[in-house]
Structure formats: C-alpha cells, structure tokens
Amino acid sequence: MGAVRIACEWLGICSGCEIAILDLHEGILPILEKVEFVHIPVLVDVKEIPEADVGIISGCIENEDNIEVAKEMREKCKIIVALGSCACFGGIPGLRNLYTREEVLEKAYVTTKSTVNPDRVFPRKDVLELQEYVKPLNQVIKVDYYIPGCPPPSDLIGSVLTALLEGKEPQLPTNTVCDECPLQKERKAIPEIRRWCVDGRPEPDKCILEQGFICLGPVTRAGCGAKCPSIGVPCRGCMGPTDRVIDQGAKMISALGSIWMLDEELEIPPEEYDKLAEQLYDPVGMLYRFTLPSSLIPRKIMKK
Amino acid sequence: MSKSGGEEPRIGVFVCHCGTNIAGVVDVKEVAEYAKTLPNVVYATDYVYMCSDPGQELIKQAIKEHNLNRIVVAACSPRLHELTFRRTVSEAGLNPFLFEQANIREQNSWVHMDNPEEATRKAKDLVRMAVAKARLLEPLEPKEVPVEPAVLVIGGGIAGIQASLDLANKGIRVYLVEKEPSIGGNMIRLDKTFPTLDCSACILTPKMVDVSRHPNITLYAYSEVVEVDGYIGNFDVKILKKPRYVREDRCTGCGKCAEVCPVTVPNEFDLGLGPRKAIYIPFPQAVPAVYTIDMDHCIKCGLCVKACGELEAIDFDQKPEEVNVKVGTIIVATGFELFDARQKPEYGYGIYQNVITSLQFERLVNASGPTGGQIVRPSDGKPPKSVAILLCVGSRDQKALPYCSRICCMYSLKHAHQIKEKIPDAEVYILYMDIRSFGKGYEEFYNRVQHEGVKLIRGRASEIWEDPETKNLIVRAEDTFLGKPVELEVEMVILATGVIPNPATEPIRKALFITQSPDGFLLEAHPKLNPMSTTVDGIYLAGMCQGPKDIPDTVAQASAAASAASIPILQGKIVIEPIVANVDENLCGGCGICESVCPYGAVTVEEVGGKRKARVNEAKCKGCGSCGAACPSGAITVLHFKDDQILAQVDALLTG
C-alpha cells in the first residue's frame, strides 16, 4: 500500500491551525513515514489541488473563494477533516455575524485606527467577494471528522491522523474541560459575575467559575488538558460544546442562570434578573467567542 | 427503528370533550380527524369523558383492536389525570410511560373560549406536539424501596407531642427530638386556652407524661437534629444530645441541687419575668424531669454535687453525644416564635417597663408563673387598674408581617376576660382593626367578653408614651367608628405580638430540602388537599411551622401528619417514580453545577476512578429537571423529558 495522500487547505484563518500541525514536532515523524502531504499551502506553494485520501481544511467560510476551495477539496478528497474551531464552528471571525457586511468592510478598510483611506478604496467586488455572514465548513460541504480547538491541541491532531492511518474511527474526548481541570471544586453558587482581570484575579487552586469569573470549562469539550484554567485563566470555550449540546453559549447561559444568586435567601424579584445580563460583559463575545455561526441564532438579523 | 425496543410506533389519539369544557370551544371531531393524518397515528377518536370508566375502556379496547403501542389523550392537565391514564394503559398491557397527555383544557379551551377557531387550531398544535413526543417515548420501570418502620418527629410542642402519640399508638417507633430541656413547647407556657378556658398545663401535661412513658417513643430532649441524609423510607438522622451536665439516668428531679445553687438568673421559660437557678428545670412539670446546668452562669462551686449526694447525677465533664437513628418518614413540628415587638419602637416595648407582650402576660397570669398568677405591672408590682391590649402588633402590617397571625384576637379577648376576672374593677381596652373570631365557639366567646365590660376600640394605636412619674402609659389611636382621635391613660399595655417562623427551623429546613412560602413558614405540598405534607416525599408538617394556627388546628394537623407519615411505614415499601435525572458519565465533567442546583440533594458529585462524576439518587430525585437544564455538558437528561423528546415537540410546533 502506498503512502496516504493528505491535502491541506486553509480558508478564513489566521494559520494557527497549520502551526499546530507543525507543533507535533518529532511526533510528526512516524506519521510522515506513512503519509505524503500532496498539497499544503503553508509549506509549499501549489496552485492546483490534487486528488487525495484525506483533506484537512482549516478556517471558516468568509468569502466566495472559500466556498470554491471547500467544494473542490470535497471533490478531490475521500475524507474531509475540519481542523480548528473556525472550520468546526465558525470561530472568532464568526463574531462579525453581529454586523452587516458593509459595516465590516467599513471597519476594516476605513475606520480602524491604523487605516488611512481617505478615498474609501475597497477591494474589488469580483475578487474574493465577502459573504454576508460567516459559516462553519459543514454548512457548505459534508464534513467527516472534526478536530476543534483554537488552535487544536497538537496531540489531538496527531491522534486523529494516527487513527485515520490505522483505519480506525477517530475519537474526540466526550467529556468536558472540568474533567481535566486540576482546580479544587466545591459549591457552584455565585453571588455576582466578575470580569477576569478587570474585577480582580481568581485565587489559585480554586475553581474559577465558583469565584464568579466566566469560565467556559463546564460547557466545553475536553482534549486540551485544561491548559488555561490550570494557570488561572478562565476557559474561553475554544474546543466547542460536547456531542450532546446543540448550542454552547445557550447552555452556559442556562448553567449561569441556574447558579447565579443560588444561595440568596429569598426569591429574586424579576426586575433583578436583568442584573445577571448587566454583570455579563459582552455576552456574545464571552459565550459564543468560537461558536456563533454554528449556534441556534447564528447571526444578528439585519433589517434591510 | 424507534428507540423503544425496535417496534414501529402505533399511536392512538383520544380527544376528550370534557362535557362542554373542551367541546364547547374546540371542534373535537376535527381535532380527532386531524390526528389521523399525523405520522404513526393509526387510530384517533373523540369521547365525551375520557376519564370515565367507559372512556378508559375505549382506550383499552383500541389498544387491543389496533395493536396500539403509544397512547395520546388530549384532555385536561396531566396534573389531574395523567395517573388515571397511565393506569389505564398499564391495564391494557402497555408500559404506563408510553402515554402522553396533551392539555387542551386549562391551556386551551378555558383560556380561548371567545375564539373557537384559533382554539381548535391550537388543540391540533398541542396534539401534533404530543404525538411527536409519543413517537420517542421509552418504557420506564418504577422501583420499589423498603421503608424503615420508624418516624422522626422534630419539635416537642403540642404538634410534635400529638403526632408522636398518634404514631406510637399505631405501634410505630418514634424518635422525638426537642431542643429545649423539656417538651411542651409554647403551649405549656400558656395559662388558659380560648374559648373554653381550660388550663393549658392541665390538658397538655397528661400528654407529656404519655410521651415520657410510651414504650414506642424515644425522647431526645435538649437535643438537636444536626444532619439528615437519605430519602423516603430510608433517612439517616444524626441527633446531637447537648450536655445537661446532669445524668438523665440518675437524676430523680428532686430539686435539692437547685435549692442550694447560689446563682440566680432570669428564667427564659418565663420570658425573663421570673428567676431560675444555674441548675434548673424550666417549669415544675417538665418532661423529662431532669435538671440541666446552664454552664454560661454556673460557677462550679460544687454545692449541687453535695446536695445530690449518693445519686451522683451531676457530671461537670459531660460531653455532647451523637446519636444516629434510621427512620422512614419525618414530621417537622418546629413551631413559632413571637414577632419582636422592639421592631415597633412607637409602642415602647423594651423602653417602658409596663409595656409587655401577650406571652409575658400568659406567664404573669399563670398560677405556676413568677407571680403565682397575680396580675401585676412590672414597674411597681401592683395590680393595674387599667390595661390596654393592642392587637396586630407586627401582624397585618405591610412594614412587618403582611399576614394575619390568627391567634391574637382570641387570646387577647381571653386576656381581657382574665383581667376582668382577677381585677374586676379594672378598665380593659382592646384596640383592634377587626376581630377575627372564626372558630367553633369563638364568636360566642367574643360576645361574652364584650358583655363583661371590656371596651373595644376599632383602631390601630399609633403610639405610646410613658408618664415618667406614674409610669402610666398614654396610648394614642384613632377610633375609626367615631372618626376621632382617642387618648387613653392606662397602667399597663399588652402587645398582641404576631407569630413568626421559629428561626431554629431554618437549618432543619435546609437539611431536609423543604421549601418555604414567601412569609417564611414551611410550604405545604398543596394548600388545600395536602396541607400536612411537603414537596419532599416522606417529610410532613405539623403545627405553626407551616403557618399561624390555633391549638385545635395544630392538633388536627399533627394527627393528619402522623397519619400521612404512617402510610409508607404501614405499606412497608414505596414505589419510586422512574422519571428521574440520568447521568451519562462519558460526558460528565464533574463540574458540580447539578449538585449545587438540585433542590432535593439528590445529585452528588463523587470520585469514580479518580474522576469527579455526578451521581443521582433516584429515590431522592423528583425529576424536576433543574440539573438537566443547568448541566453544561449535556450529560444529564431527565427520563421521559429527554432532549430529543422535547426538541421533537418544538419541531412539531414550528413545522405544523
């Protein structure tokens, strides 16, 4: 049997996922013995996508070009793996779904502080036409396997590739970040929500969420080794939800609503409920940082 | 393939007319015809009363004739007849949980009676949703748990005493726990009881003695319940016996120790009006008749040890003792406390000596009280020639207690009568908003007291101040009948303070996971049909802890609670509803949110192979779904209300 042919492509992306593949370090060597990277733009400048056994696609669908490349990859590759949270859920670029395409272009090409564009020159319409909103890969083509994360943990990439090479079904962890998190957990009941670093820092060794900081560990798939919470940084949810959860942000809202002011003695008057939302700084950015385009309400409805 | 054993769902839909309750608004025939068009529905019909015997028979027949394996009844709220139809379905050989009820009465015909067309459309929506869920229903098996044949009664007032005696007389073992040195509660403090004027101690002490002698009752006085774990049928209770520093098994209650004790402090049983020694029994008829040393005041002089002599009952080194008991059911009878009259500073309680509370008056007028039953005013020890009784102190007051304390009108009328009886020439005024004399013989008693010359003034007192020379009190109020301000100078004022939940109830409430109503009293399972139970299976309520009530009501509720608490014990086993939370340990991250939100203490996070995993105690779980909603990983599902079942309903609603 010849080497397994792997084709990589990147769509709307920062290239962190590609670096994560390279981050396998010597771990990539046993894989390289069995595979041939027939197409990998981060390393080799090849214009045509060749036929391949496995296609690894990172990045979200942002523009016309992304759709074309994704479809071509689907045609040329037997198996498609979505690599990274942009490909899996839409990722951070998906937060632009809160704005119209015009607002996004205006921001990027005119109003950002670092831009000088008095003539209001925009990219030509016929090149890479920006989509109205960001989509995850599986809203454009069929995806066979997912490797979430921003970036995906290298060992997770390694284990999925190894499984594919061995002809096995790649498995993602089914549990949540809390399962991997070494912090001490006691009672989940938070009198108020605090903003990390702005309203103080969490005490070490104690569950960050229990201290009132929004840690998305409970609502986020394991696989990262709880790297962030282990060093006192709240989980931002980059691995996305578990298989059972449809909407990561909504599930977190549900969890927060359940534990917020849980130990207050008497019933909370309804007018107080707003305080939960007020205490939550940038709720969409906080709870849907990586998953907005794949959530139940994937974008703001734009009134024409 | 359906998720229930592979069989294709064959759904029968039965639309109830409920007389004209539903059929008067909804076109039930059209709804039944519509149901026939839904996928997997093989039979649909309508009937005038589905819950009637012929209605249920119709379901059973259809199950046999059409080989139905899922049943949907569109009728009233499942709260009313879900159990009826589950039984029907079960009698026809189906698993009872393969039944779904669509509520087209309370949630439809009753609220849309002016819009029959839309109501019919909504009934179709509701039926379509129920059918969507029915397709995914899974059979569930109830579990049986044996019941420990013993009852814990918390609180040794009249409620706890009555409940304990009833249970013990049925042959059930009772553990009665009272935090004070003696049982008797607040009732034993009272002098006479309205409206019959029998002596409170005379009617209560025989019951107290019965408790102490009953072979089926184990009394833990001067003890507290510190921990309760488990669920109906199997509660593990930890009781802490506080040290009396007197050995219960040796003390004969002779009282020689108290005679020689040199330390005198105010007796809390007399609400500070009389003295006691550092070694004491709170009142002569205390049960158990065992002395207690108040170590906050004892100087350890040793005189009591000498007086006790050979009995050697006194033990300065006594330590708190833990007792563990297992019970099947629990009755909470933790009683009440008085509203603190100091919170109404305009009435001068705690400032003016001659302003006292009603309970203090009970001790004053009581023959075994500090004055031997003489009514005297505290400032000079003389019988007052004029007394004003202020009703609703704290009660029916939006700034204090919004509720009526229910006993104050009657005991105040009784107080007025007692003053008139003992000091016939005294002027007695009652300042009231309304007189609520609702019980048997109460209105008659009210009339009697009016005829004894007690002056009733309809109006709430606005303030009281003291004449510093005479220590008399000037009460200012508005007589709302005359529409005029009145000012009364009286020698003593009695504040009819309202009742509040006993603060000692709160830790017990939390330990038992029972809920409270907004007034702070414990919440009954149903205000009318189940006033003696809580929402937690196996835990029942008796007396004032559930809300203000008089002695007859307390006794009646205590007997009701005893009866209810004995049912599981006499049955010997309980059936646990299988609609419970279920944890998929592969998904569970052990974050513990479920454990925090569970109102019944049914979910705990335990170490399983070095990992934290949520575990559900199915006997404790009520299937409320709080954990399922909160579970961030989706590991927890509530059986019969699984995500796919609910989402199927949502889809059915949106795609109709």
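The values are calculated or read from the model by the stated rules, or taken from the named source; none is laboratory data. A quick note: this is a predicted structure, and the numbers were derived from the prediction, not measured. Counting neighbours? That spans all protein chains shown, and the Cβs are built from the backbone with ideal geometry, glycine included. Just so you know, the surface numbers come from the protein's heavy atoms only, side chains and all, with ligands and any DNA or RNA stripped out. Shrake-Rupley method; radii C 1.70, N 1.55, O 1.52, S 1.80 Å.
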Within region B:331-356, work out how many residues are open to solvent by 20 Å² or more (accessible area, probe 1.4 Å), more than 24 Å from B:Ile154 (Cβ to Cβ) and under 32 Å from the mean Cα position of the chain (by Cα). 6
Here is a list of conditions, (1) in the same structural domain as A:Leu280 (by TED's automatic domain parsing); (2) without any contact (Cβ under 8 Å) to a residue 24 or more places away in the chain; (3) under 21 Å from the mean Cα position of the chain (by Cα); (4) open to solvent by 80 Å² or more (accessible area, probe 1.4 Å), and A:Gln184 meets all of them except one; can you say which number that is? (3)
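Can you tell me which residue is surrounded by the most Cβ atoms within 10 Å (Cβ to Cβ) among those in region B:632-651 that are touching a strand residue (DSSP E or B) at 6+ places or on another chain (Cβ under 8 Å) and not in a helix (DSSP H, G or I)? Walk me through it before giving the result.
Applying the first criterion (touching a strand residue (DSSP E or B) at 6+ places or on another chain (Cβ under 8 Å)) to region B:632-651 yields B:632-633, B:635-639, B:643.
If we keep only those that are not in a helix (DSSP H, G or I) as well, we get B:632-633, B:635-639.
Values: B:Pro632: 30, B:Ser633: 35, B:Ala635: 28, B:Ile636: 25, B:Thr637: 22, B:Val638: 23, B:Leu639: 19.
My answer is B:Ser633.
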Can you spot a residue in region B:138-159 that is touching a helix residue (DSSP H, G or I) at 6+ places or on another chain (Cβ under 9 Å) and part of a helix (DSSP H, G or I)? yes
Against the condition part of a loop (DSSP other than H, G, I, E, B), of a type in the set (A, V, I, L, M), touching a residue at least 24 places away in the same chain (Cβ under 8 Å) and away from chain A (no Cβ under 14 Å), how does B:Ile579 come out, does it pass? yes
Can you list the helices (runs of 4 or more DSSP H) found entirely within region A:196-304 that contain at least 3 residues being within 14 Å of chain B (Cβ to nearest Cβ)? A:248-259
If you go through region B:490-514, how many residues are under 22 Å from B:Cys409 (Cα atoms) and open to solvent by 30 Å² or more (accessible area, probe 1.4 Å)? 3
With the requirement that a residue be among the hydrophobic types (A, V, I, L, M, F, W, C), part of a strand (DSSP E or B) and within 12 Å of another protein chain (Cβ to nearest Cβ), what does region B:598-631 give you? B:Val603, B:Val605, B:Val608, B:Ala614
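Could you please find all residues in region B:515-535 being assigned to a loop (DSSP other than H, G, I, E, B), surrounded by fewer than 21 Cβ atoms within 10 Å (Cβ to Cβ) and touching a residue at least 12 places away in the same chain (Cβ under 8 Å)? Walk me through it before giving the result.
Applying the first criterion (assigned to a loop (DSSP other than H, G, I, E, B)) to region B:515-535 yields B:515, B:517-521, B:523-525, B:527-529, B:531-532, B:534-535.
Going one step further and asking which of them are surrounded by fewer than 21 Cβ atoms within 10 Å (Cβ to Cβ), we end up with B:515, B:517-520, B:523, B:525, B:527-529, B:531, B:535.
Answer for region B:515-535, where residues must be assigned to a loop (DSSP other than H, G, I, E, B), surrounded by fewer than 21 Cβ atoms within 10 Å (Cβ to Cβ) and touching a residue at least 12 places away in the same chain (Cβ under 8 Å): B:Thr515, B:Ser517, B:Asp519, B:Gly520, B:Leu523, B:Pro531, B:Thr535.
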For region B:83-101, which residues satisfy the criterion of being open to solvent by 20 Å² or more (accessible area, probe 1.4 Å), aliphatic (A, V, I, L, M) and outside any loop (DSSP other than H, G, I, E, B)? B:Leu83
Six or more apart or on different chains, Cβ atoms under 8 Å: show the pairs whose first residue is in region B:337-348 and within 28 Å of B:Lys179 (Cβ to Cβ) and without any contact (Cβ under 8 Å) to a residue 60 or more places away in the chain and whose second is surrounded by fewer than 15 Cβ atoms within 10 Å (Cβ to Cβ) and of a type in the set (A, V, I, L, M). none
Identify the residue in region A:160-181 that is in contact (Cβ under 8 Å) with a residue 12 or more places away in the chain and more than 14 Å from chain B (Cβ to nearest Cβ) and, among all such residues, is surrounded by the fewest Cβ atoms within 10 Å (Cβ to Cβ). A:Thr162
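How about region B:108-120: which of its residues are in contact with a Gly (Cβ under 9 Å, 6 or more places away or on another chain) and open to solvent by 40 Å² or more (accessible area, probe 1.4 Å)?
Step one: of region B:108-120, the residues in contact with a Gly (Cβ under 9 Å, 6 or more places away or on another chain) are B:109, B:113, B:116.
Residues satisfying the conditions are B:Met113, B:Pro116.
Criterion first (crowded, with 18+ Cβ neighbours inside 10 Å, aromatic (Phe, Trp, Tyr) and more than 22 Å from B:Leu137 (Cα to Cα)) does B:Tyr43 satisfy it? Steps first, please.
On the way: crowded, with 18+ Cβ neighbours inside 10 Å: yes; aromatic (Phe, Trp, Tyr): yes; more than 22 Å from B:Leu137 (Cα to Cα): no.
In short, no.
Only helices (runs of 4 or more DSSP H) wholly contained in region A:54-148 count here; list those with 2 or more residues that are in contact with an Asp or Glu (Cβ under 6 Å, 6 or more places away or on another chain) and assigned by TED's automatic domain parsing to the domain that holds A:Gly16.
On the way: elements: A:64-76, A:84-89, A:101-106.
Once the helices (runs of 4 or more DSSP H) in region A:54-148 are filtered for at least 2 residues that are in contact with an Asp or Glu (Cβ under 6 Å, 6 or more places away or on another chain) and assigned by TED's automatic domain parsing to the domain that holds A:Gly16, what remains is A:64-76.
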Taking region B:177-230 and the residues there that are surrounded by 20 or more Cβ atoms within 10 Å (Cβ to Cβ) and among the basic types (Lys, Arg), the one that is farthest from B:Leu512 (Cα to Cα) would be B:Lys192
Selected residue (criterion: nearest to the chain's Cα centre (by Cα)) from residues of region B:421-447 that are farther than 16 Å from B:Cys404 by Cα and among the hydrophobic types (A, V, I, L, M, F, W, C): B:Phe445
Name, by its number, the condition in (1) away from chain A (no Cβ under 12 Å); (2) under 19 Å from A:Ala255 (Cα atoms); (3) in contact with a helix residue (DSSP H, G or I) (Cβ under 6 Å, 6 or more places away or on another chain) that does not hold for B:Ala652. (2)
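Yes/no matrix, rows are residues, columns are (1) among the hydroxyl-bearing types (Ser, Thr, Tyr); (2) in contact with a Phe, Trp or Tyr (Cβ under 8 Å, 6 or more places away or on another chain):
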site: B:Tyr442; (1), (2): yes, yes
site: B:Arg448; (1), (2): no, no
site: B:Ile464; (1), (2): no, yes
site: B:Asp467; (1), (2): no, no
site: B:Gly483; (1), (2): no, no
site: B:Glu487; (1), (2): no, no
Subset of region B:129-148 [crowded, with 23+ Cβ neighbours inside 10 Å and farther than 23 Å from B:Pro96 by Cβ]: none
Selection from region B:583-596 of residues that are at the interface with another protein chain (Cβ under 7 Å from one of its Cβ atoms) and surrounded by 22 or more Cβ atoms within 10 Å (Cβ to Cβ): B:Leu587, B:Cys588, B:Gly589, B:Gly590, B:Cys591, B:Gly592, B:Ile593, B:Ser596
So which residues in region B:40-61 are part of a loop (DSSP other than H, G, I, E, B) and over 19 Å from B:Val131 (Cα atoms)? B:Val48, B:Tyr49, B:Cys51, B:Ser52
